[in-house]
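Structure first, commentary second.
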Amino acid sequence: MKVEIAGRILELVEGDITEMDTDAIVNAANAQLILGGGVAGAIRRRGGPQIQAECDRIGGTHVGGAVITTGGRLKARHVIHAVGPRMGEGDEDAKLRSATLKALQVADENALKSLAFPAISTGIFGFPIQRCAEIMLATAIEYLRGQTGLQHVVFCLFGQDSYDVFARQLERQTAS
């Protein structure tokens with residue numbers, strides 16, 4: 001599913017984010033930038049040890065923050081590590097909004113044209129997929145309507161159920 005936002009493309013796909021051929025993919029990271037399980041583990045396995053080595057040099061970032069590393073052996077040249085909230089830690093919606101926005105800003109700061117997001121915090125961090133879709137899509141749509149060099153933002157969802165939640169939400173947010 002694709003929609004145009006201020007001359008730019010926002011797209012939803014169902015699949016494996018490590019296969020995305022965008023300038024960068026977003027890792028649903030932890031604050032220590034340790035590539036363990038879930039999306040991060042898949043990125044480590046597919047992209048190689050240089051991604052973790054760069055994360056180790058950076059040392060971490062705060063919840064709601066984002067940093068960039070090489071993409072290693074991935075098709076994407078870069079990985080933007082965005083730290084979403086764990087459910088129950090407080091102020092989760094604002095933290096997810098911040099992580100999404102920071103990832104978009106880091107992409108712009110590095111002159112990237114395309115970026116692929118997963119559904120941040122919906123795995124082991126326990127964030128509800130519906131709220132995630134609402135927050136991440138609204139943040140991306142607002143950002144694409146502003147001053148940005150980004151031309152293509154993809155939400156790469158793992159599983160048809162996640163895709164369907166994002167598709168329904170995107171239809172609601174872009175209905176005129």
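A few notes on this one:
- Qualifying residue in region 44-56 (condition: in a helix (DSSP H, G or I), of a type in the set (Val, Ile, Thr) and either under 13 Å from the mean Cα position of the chain (by Cα) or buried (at least 21 other Cβ atoms within 10 Å of the Cβ) (or both)): yes
- Just one of the numbered conditions (1) surrounded by fewer than 21 Cβ atoms within 10 Å (Cβ to Cβ); (2) without any contact (Cβ under 8 Å) to a residue 40 or more places away in the chain; (3) part of a helix (DSSP H, G or I) is not true of Ile141: (2).
- Among the criteria (1) free of Cβ contacts under 8 Å to residues at least 60 places away in the same chain; (2) surrounded by fewer than 21 Cβ atoms within 10 Å (Cβ to Cβ), the one Gly37 does not fulfil is (1).
- Contacts under 6 angstrom Cβ, first residue in region 74-96 being more than 10 Å from Val63 (Cα to Cα), partner at pLDDT 95 or above and of a type in the set (Asp, Glu), 6 or more apart: Lys75/Asp21; Arg77/Asp23
- Flag: Arg73 matches the condition of being more than 12 Å from the chain's Cα centre (by Cα) and surrounded by fewer than 16 Cβ atoms within 10 Å (Cβ to Cβ).
- The residue that is surrounded by the fewest Cβ atoms within 10 Å (Cβ to Cβ), counting only those in region 145-176 that are modelled with pLDDT under 95 and more than 18 Å from Met20 (Cα to Cα), is Ser176.
Yes/no per residue for (1) modelled with pLDDT of 95 or more; (2) under 13 Å from the mean Cα position of the chain (by Cα); (3) under 17 Å from Phe158 (Cβ atoms):
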residue: Thr18; (1), (2), (3): yes, yes, yes
residue: Gly41; (1), (2), (3): no, no, yes
residue: Ile58; (1), (2), (3): yes, no, no
residue: His62; (1), (2), (3): yes, no, no
residue: His81; (1), (2), (3): yes, yes, no
residue: Asp91; (1), (2), (3): yes, no, no
residue: Ala94; (1), (2), (3): yes, no, no
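- Output for region 135-162, where each listed residue is of a type in the set (Gly, Ala, Ser), within 13 Å of Asp108 (Cβ to Cβ) and in contact with a helix residue (DSSP H, G or I) (Cβ under 7 Å, 6 or more places away or on another chain): Ala140, Gly149
- Here is the figure for region 20-39: residues that are part of a loop (DSSP other than H, G, I, E, B), under 15 Å from the mean Cα position of the chain (by Cα) and under 22 Å from Asp161 (Cα atoms) total 1.
- Checking each residue in region 111-133 for being part of a loop (DSSP other than H, G, I, E, B), hydrophobic (A, V, I, L, M, F, W, C) and over 12 Å from Val165 (Cα atoms) picks out Ala111, Leu112, Ile120, Ile124, Phe125, Phe127.
- Residue match in region 1-15 (condition: free of Cβ contacts under 8 Å to residues at least 12 places away in the same chain, acidic (Asp, Glu) and not in a loop (DSSP other than H, G, I, E, B)): yes
The values are calculated or read from the model by the stated rules, or taken from the named source; none is laboratory data. Everything quoted here is computed from the prediction, not taken from an experiment. As a convention, Cβ positions derive from the backbone with ideal geometry for all residues, glycine included, and neighbour counts pool all protein chains shown.
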